[in-house]
1. Suppose every Lys and Arg Cβ carries +1 and every Asp and Glu Cβ carries -1, with no other charges. What dipole size does the chain come out with about its Cα centre, to the nearest 20 debye?
2. What are the ³J(HN,Hα) couplings of region 50-67, residue after residue, when phi is run through the Karplus curve with 6.51, -1.76, 1.60 and θ = phi - 60°? Round to Hz, x for glycine and proline.
3. Give the distance, in whole Å, between the Cα centre of region 90-109 and the Cα centre of region 6-61.
4. Counting only GluC sites (Glu not before Pro) that are in a DSSP loop and have at most 10 other C-beta atoms within 10 Å, tell me the longest site-free stretch of the chain.
5. Residue by residue, what Karplus-based ³J(HN,Hα) values in Hz, rounded to whole numbers, does region 32-49 have, using 6.51, -1.76 and 1.60 with θ = phi - 60° and x for Gly and Pro?
6. Mind checking which of 1, 46, 16 is farthest towards the positive end of the chain's charge dipole, using Cβ charges of +1 (Lys, Arg) and -1 (Asp, Glu) about the Cα centre?
7. What's the longest uninterrupted piece of the chain once you rule out the trypsin sites (Lys or Arg not before Pro) that are loop residues per DSSP with at most 14 other Cβ within 10 Å?
Amino acid sequence: MPGEPQDDCLFCKIVAGQIPATIVRETETTIAFRDINPQAPTHVLVIPKVHYRDAASLAAAEPVITADVLREAQAVADEDKLESYRIVFNTGAGAGQTVWHAHAHVLGGRGLQWPPG
Ligand code: 5GP
Ligand code: ZN
């Protein structure tokens, strides 16, 4: 069921505390933790605690929690003192999505090229 924890989902396991992560922020609805394979000095993933396969599915079902994710992305940037940063929601395998639990990448701390690759 969308919104319910999935047994085979890595990020649901991080939410449940079954897999360790370097958690930088937590709210009632979200957690933020450092990416295991950082692509920038700051590379934090902000995820909803509820399971949806991608950002659009989350937004359709849980608009308030989607806003929480975006607010937390800003909070991560503030904590790491980033003036500029990028939020990325890879959606679909062709765009590089590998974990099917909605997540925002927060990237910063170096120059970021536009357009991205
Ligand atoms: P995606 O490729 O789906 O947009 O992003 C998934 C991200 O999760 C990747 O950047 C990857 O490095 C990160 N990741 C995968 N496994 C783990 C893990 O066990 N712990 C953490 N902290 N990050 C992970
Ligand atoms: Zn999940």
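1. So the magnitude is around 300 debye.
2. 7, 8, 9, 6, 7, 5, 5, 5, 4, 4, 5, 8, 9, x, 5, 5, 4, 5
3. For region 90-109 versus region 6-61, the Cα centre distance is 11 Å.
4. Maximal segment without exposed cleavage sites: 29-82.
5. 10, 9, 6, 5, 5, 10, x, 9, 7, x, 9, 9, 10, 9, 9, 10, x, 5
6. Final value for the positive-end residue is 46.
7. 1-80
Every number in this text was worked out from the coordinates using simple rules, so none of it is lab data. This structure is a prediction, so every number in the text was calculated from the model and none was measured. Virtual Cβ from ideal backbone geometry, glycine too; neighbours counted across all protein chains shown.
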